[in-house]
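The values are calculated or read from the model by the stated rules, or taken from the named source; none is laboratory data. The model shown is predicted, which means the values in this text are computed figures rather than measured ones. Cβ coordinates were reconstructed from backbone atoms using ideal geometry, including for glycine residues, and neighbour counts include every protein chain displayed.
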Amino acid sequence: MFSKLSYRDFTLEGVYGSRAKNVPTASFGTIFNDPAERTVDARGYLDLKYDHRFGTDWGYYGRLLYDHTSYNGYYPVDESQSGGPARVLNRDVAIGQSWGAEFALSKKLFANQILVLGSDFRDNFQQDQSNYDVQPFQEYMNDRRTSTLWGIYVQDEIRLRSNLVLDLGLRYDDYSTFGGTTNPRGALIYRPLEKTTIKLLYG
């Protein structure tokens, strides 16, 4: 399912998709051609954007988002060789939820140059993984985590010629899992023809 609603400078977009896949090929040492073996993946998000121009020189971009993803695996296994039942259904589960925000402010400095300053934040408030046998119940993993990411960046787009652009950027990110990192980015973008673009990228 997909839905998109736009009003003036606002755009609201929503997506939800789910896929169920039967796996008869005995993956991960499961029982061959057992109809119970399958995986179910789902993904959904809501995205609200605000994109506004102030006169001819200033621009503002803002964004709020919510994201959800899930995975469920059903794996029938034969544990008789290790003294267990001839058929046990193993469950593999992963669930992730997050929300985030982003903004960017742009300023046209000269006729051929645009400077952009931006920042974004992401809160992964649910990062769950578990694995267990259904009957008899046996738990192998039950992991519950959260993490955050915050970043700030600056970008300078310089039009050297009508068909040649130099794009320079610098970004700092702070991860709650391992700390901060600063990374430069650069791009030389050339359009020799109307429908042809050549890019030289560094990051």
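Values for this structure:
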{"read-out": "Filtered residues of region 176-195 (kept if more than 19 Å from LEU160 (Cα to Cα), in a strand (DSSP E or B) and among the small types (Gly, Ala, Ser))", "value": "GLY179, GLY180"}
{"read-out": "Flag if ASN72 is out of contact with any helix residue (DSSP H, G or I) (no Cβ under 8 Å at 6 or more places or on another chain) and either at pLDDT below 95 or closer than 30 Å to ILE114 by Cα (or both)", "value": "no"}
{"read-out": "Segments classed as strands (runs of 3 or more DSSP E), wholly inside region 1-67, with at least 1 members that are surrounded by 16 or more Cβ atoms within 10 Å (Cβ to Cβ) and over 18 Å from the mean Cα position of the chain (by Cα)", "value": "38-54"}
{"read-out": "Per-region count, region 71-94, residues acidic (Asp, Glu) and under 12 Å from THR30 (Cα atoms)", "value": "2"}
{"read-out": "Residues that are of a type in the set (Val, Ile, Thr) and either in contact with a strand residue (DSSP E or B) (Cβ under 7 Å, 6 or more places away or on another chain) or modelled with pLDDT of 95 or more (or both), drawn from region 10-55", "value": "THR11, VAL15, VAL23, THR30, ILE31, THR39, VAL40"}
{"read-out": "Per-region count, region 141-191, residues in contact with a Phe, Trp or Tyr (Cβ under 8 Å, 6 or more places away or on another chain), over 16 Å from SER106 (Cβ atoms) and aromatic (Phe, Trp, Tyr)", "value": "2"}
{"read-out": "Residue among ARG87, ARG91 that is in contact with a Phe, Trp or Tyr (Cβ under 8 Å, 6 or more places away or on another chain) and basic (Lys, Arg)", "value": "ARG91"}
{"read-out": "Given (1) in contact (Cβ under 8 Å) with a residue 12 or more places away in the chain; (2) in a strand (DSSP E or B); (3) more than 25 Å from GLY96 (Cβ to Cβ), index of the condition ILE198 fails", "value": "(1)"}
{"read-out": "Candidate set from region 71-126 (those that are of a type in the set (A, V, I, L, M) and outside any strand (DSSP E or B)); member that is surrounded by the fewest Cβ atoms within 10 Å (Cβ to Cβ)", "value": "ALA111"}
